[in-house]
Amino acid sequence: MRLKNQVALITGAAFGFKKGGPSIGSAIALKFASEGAKVVVVDINEEMGQKVADTIKKKGRKSIFVKADVSNSDEVKNAVKAAKKEYGKLTCLVNCAASYEGNFFHTVVDTPEKDWQKIIDVNLNGYYRFAKYAIPLILKSGGGTIVNISSMAAFNVVPNFAAYPVTKAAINGLTRVLALDHSPKIRSNAICPGFVKIANSEGNRSPKELKKWCDNIAKDSPLKRVCTVEEIANIALFLASDDSSYVNGECIMADGGRFIADRFDF
Ligand SMILES: NC(=O)c1ccc[n+]([C@@H]2O[C@H](COP(=O)([O-])OP(=O)(O)OC[C@H]3O[C@@H](n4cnc5c(N)ncnc54)[C@H](O)[C@@H]3O)[C@@H](O)[C@H]2O)c1
């Protein structure tokens, strides 16, 4: 029960949108609940978000679902208010919501402005908005933790994929800023996953194509496999619990060593 007496708000915590399969946020929500936290599940996807809260309740733990679009400040404020109304406090914020929609497999020059703005507004400003409106409640609750889900893309860029890594690099900056602004009451850290198998990975792929995709990633990974959502949830648990009580402002790479392997492949 490493999160006993904690209340955690997790954005992007719905099950994967296609078939209700794994997502990083839902795995964190289930893990936190199993460790004693009361969990506020936040997502734009009402059906799959409610399903996560129901799954937690069926296991005898406490959870509510609040529908919120992270790009809408009123909905963000409403989600924080709902946490206070239901559980009286907030001790942990996990920013995880991100949109993969839009036309952003481009260079900077070729990325349409509206797609650039959308990804910045959801994937980066969504983290800023929740930090802005949740931190006052965390402070009133006696302090706590922020866990931002970033990406190895914050460090490791590829051509023709401009906007997403920019948001993730900025999230690492935001993580460090928050680590100083509210210390010692709030610790803020980020996780930078490599390739994680989620329901969305299956989105446009047949089972055969999915296997090929996973095999390709595994081939280039020192650990020879794709990461699971539970492995990211375990790091989030570490960062939200007292096990990491002297870790602050850290951006933890969880890519199985892919980044260092790519850099020193000569
Ligand atoms: N899957 C990977 O390989 C991988 C690797 C590195 C980092 N990440 C990061 O992990 C996080 C979780 O993504 P995932 O891989 O579980 O994908 P996912 O698509 O399953 O989860 C993203 C969730 O965010 C929600 N969402 C999207 N737009 C929203 C909005 N405007 N408001 C509220 N919710 C919104 C979606 O409905 C979805 O439930 C993201 O920040 C992503 O960038 C994922």
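The values are calculated or read from the model by the stated rules, or taken from the named source; none is laboratory data. Please read these numbers as outputs of a predicted model, since none were measured by experiment. Every residue, glycine as well, gets a Cβ built from its backbone with ideal geometry; the counts of neighbours run over all protein chains shown. Quick note on the areas: whole protein, heavy atoms, side chains included, nothing else; ligands and nucleic acids left out. Shrake-Rupley method; radii C 1.70, N 1.55, O 1.52, S 1.80 Å.
Assorted remarks:
- Theoretical gain in end-to-end length, residue 84 to residue 132 [0.36 nm per residue, Cα-Cα removed]: 15.7 nm
- For the residues 110, 215, 74, a GNM of the chain with alpha-carbon springs under 10 Å puts the largest fluctuation on 110.
- For the range 244-261, 3J(HN,Hα) computed residue by residue from phi via the Karplus equation (6.51, -1.76, 1.60; θ = phi - 60°) reads 10, 4, 10, 9, 8, x, 9, 10, 8, 6, 10, 10, x, x, 4, 4, 5, 5 Hz, glycine and proline entered as x.
- Other-chain or far-sequence residues with amide H under 5 Å of residue 144's (modelled H): 186, 187
- A straight chain from residue 223 to residue 62 at 0.36 nm per residue would run longer than the Cα-Cα distance by 54.4 nm.
- For the chain, the longest principal axis of the Cα atoms and the long axis of helix 125-140 meet at an angle of about 30 degrees.
- Extension gain (nm, one decimal) between residue 105 and residue 213, 0.36 nm per residue minus Cα-Cα: 37.1 nm
- The chain shape via C-alpha gyration tensor axes, a/c threshold 1.5: rounded
- Measuring against 18 Å, Cα to Cα, the residue pairs 81/140; 67/168; 132/185; 59/197; 59/81 contain 67/168; 59/197; 59/81 as the ones spanning a longer distance.
- Phi-based couplings in Hz for the range 107-116 (Karplus 6.51, -1.76, 1.60; Gly and Pro marked x): 6, 4, 4, 8, 6, x, 4, 5, 6, 4
- Protein heavy-atom surface of the range 171-266, 1.4 angstrom probe: 55% of the accessible area is carbon and sulfur, with nucleic acids and ligands not counted.
- Amide H contacts of residue 15: 49, 52, each under 5 Å away and 5 or more positions distant or on a separate chain (H built 1.01 Å from N in the peptide plane; Pro and chain starts excluded).
- Rounded tilt (10° steps) of 46-58 against the dominant C-alpha axis of the chain: 60 degrees
- Per residue, the solvent-accessible area of the chain (1.4 Å probe, heavy atoms of protein chains only, all protein chains present) comes to 49 Å².
- Extending 7 Å from the Cα toward the beta-carbon at both residue 77 and residue 183 defines two label points whose distance is 3.2 nm.
- Annotation: peptides 88-96, 7-15, 252-260, 124-132, ranked by per-residue average of other Cβ atoms within 10 Å with the highest first, follow the order 7-15, 88-96, 124-132, 252-260.
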